[in-house]
Amino acid sequence: MSHMTILHTDIYKFSIPMHPFTIATGTMHYAQNIFIRMHTDAGIYGVGECSAFPMIVGETQATCFEMAKDFAALWKNKDAAAIEERLQELHSFTAFNATVKSAFDMALYDLAAKAAGKPLYQFLGATGKKELETDLTIGIDTPEQMAAKAIDFVKRGVRIIKIKLGKNAKEDVERVRKIRAAVGPAIGLRIDANQGWNYEEALFALTNMGAFNVQFCEQPMRYWDDDKLPALVKQSPIKLMADESMFDHHDAKRIIAANACDYVNIKFAKSGGIWEAQKIHAVCKEHNIPCMMGGMLESRVALTAFAHFALAHDNVVFYDMDTCMLGHKTDPVTGGVQYKGFLLEVPEIPGIGADADEAFLQTLEQVTV
């Protein structure tokens, strides 16, 4: 790929108001996102977006905005086509900060795919297309309210429901019991405890939910209880998926070597973007650990990049890509992935194929570096 010099980067506090959404770790009232446009001398720009989720990744919109200024300054007048080199500069400059790094990673891949004249999924090596069917998530509420919501979801054509748990193990069993009774046997159910249980609670909940045909449970315990996961994997009638325990491919190697999970949740906000997500995918594939494509509260910009990634990686078999359906009150995106019911369709134009609405961007706090 030919040389593309980065001229400057526009950075936006991409705040999207939301209907309040509750998980085990807290309630979100707006999506704390950052959007960037990275301009090059090739006359094209690359877009990137990340969604800060402080209770999981430790970054906020404000920290992402500050770091983004430093990253943009580091990359000024450098070659956007040298992806590995650019990302290494970010890692040498700061440890962690995977969320804001992922926006910069995304912009490089958008530029590279645009320069190659290919949709991102083809640039990433996809040969065919597969069906991407997302689940839809129910936030934590009373068992009765959650069951009512599940019935509403099924009426809307949802075939896979993700259930947020992790507040109270006994009540969590009741939540799943009521939801399964409400939706019948044909609907896929998956649960996410967001680290809410200790070992005893996890064992109790999972054992008692064994009868309800649950696809998997994401992150039953805090990541510092990873040493207890191998025993839980052995005893649980429900498959376990690592999320907060697994940020990068080093984590993947460690968790898989310990027989501490059945599945892995890949999120760019944890991995730092596509480059590292590919490495996670490779480790998981080698060890026959299927992956899920997940997200935080991204708009359809990043969501489109997720869909491209999922299409290009055959070991990604679960899709949790409902973030914009979770009550974003506005959709500030042009182009991008379209929902046909709960199936996602990516645009067939070069790059990610999504951008932010110009009028919306004008209303935001922004800086150019």
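All of the numbers you see were taken from the coordinates with simple rules; none came from a lab. Note that the coordinates shown come from a computational prediction; the quantities given were computed from them, not determined experimentally. All Cβ positions, even for glycine, are placed from backbone atoms using ideal geometry, and neighbour counts span all protein chains on display.
Under a Gaussian network description of the chain, with springs only between Cα atoms under 10 Å, the residue in 128, 46, 188 that fluctuates furthest is 128. Only the Cβ atoms of Lys and Arg (+1) and of Asp and Glu (-1) were treated as charged; on that basis the dipole of the stretch 89-243 about its Cα centre amounts to roughly 600 debye.
Pick from 116, 211, 359: which is most flexible by mean-square fluctuation in a GNM of the chain where alpha carbon atoms under 10 Å apart are linked? Maximum among the listed residues: 359. Values (i) -0.89, -0.96, -1.15; (ii) -0.71, -0.85, -1.32; (iii) -0.59, -0.72, -1.16 are given for comparison; log10 I(q)/I(0) by the Debye sum over Cα atoms at q = 0.10, 0.11, 0.14 Å⁻¹, derived from the coordinates here, is the one labelled (iii). Considering only 9, 206, 353, and ranking their Cα positions along the charge dipole of the chain that arises from unit charges at the beta-carbon of Lys, Arg, Asp and Glu, the one farthest toward the positive end is 206. In terms of packing, defined here as the mean over residues of other Cβ atoms within 10 angstrom, the peptides 163-171, 179-187 line up highest first as 163-171, 179-187. Considering only 201, 84, 133, the Gaussian network model of the chain with Cα springs below 10 Å gives its largest mean-square fluctuation to 84.
Ellipticity at 222 nm from helices only: DSSP H runs of n ≥ 4 in the chain, each -39500 (n - 2.57), divided by the residue count, give -11500 deg cm²/dmol. Selection among 187, 333, 256 by position relative to the dipole of the stretch 122-352 gives 187 as farthest towards the positive end (Cβ unit charges, Cα centre).
Taking the Cα centre of the chain as origin, work out the dipole magnitude from +1 charges on Lys and Arg Cβ and -1 charges on Asp and Glu Cβ, in debye rounded to 20.
Dipole about the Cα centre, nearest 20: 800 debye.
Its relative contact order, with pairs defined as Cα atoms under 8 Å and 6+ residues apart, puts the chain at 21 percent. Placing unit charges on the Cβ atoms only, positive for Lys and Arg and negative for Asp and Glu, gives the stretch 214-368 a dipole magnitude near 500 debye about its Cα centre. Do the alpha carbons of any pairs in 234/279; 76/285; 13/164; 130/170; 228/279 sit beyond 30 Å of each other, and which pairs? Result: 76/285; 130/170 exceed 30 Å.
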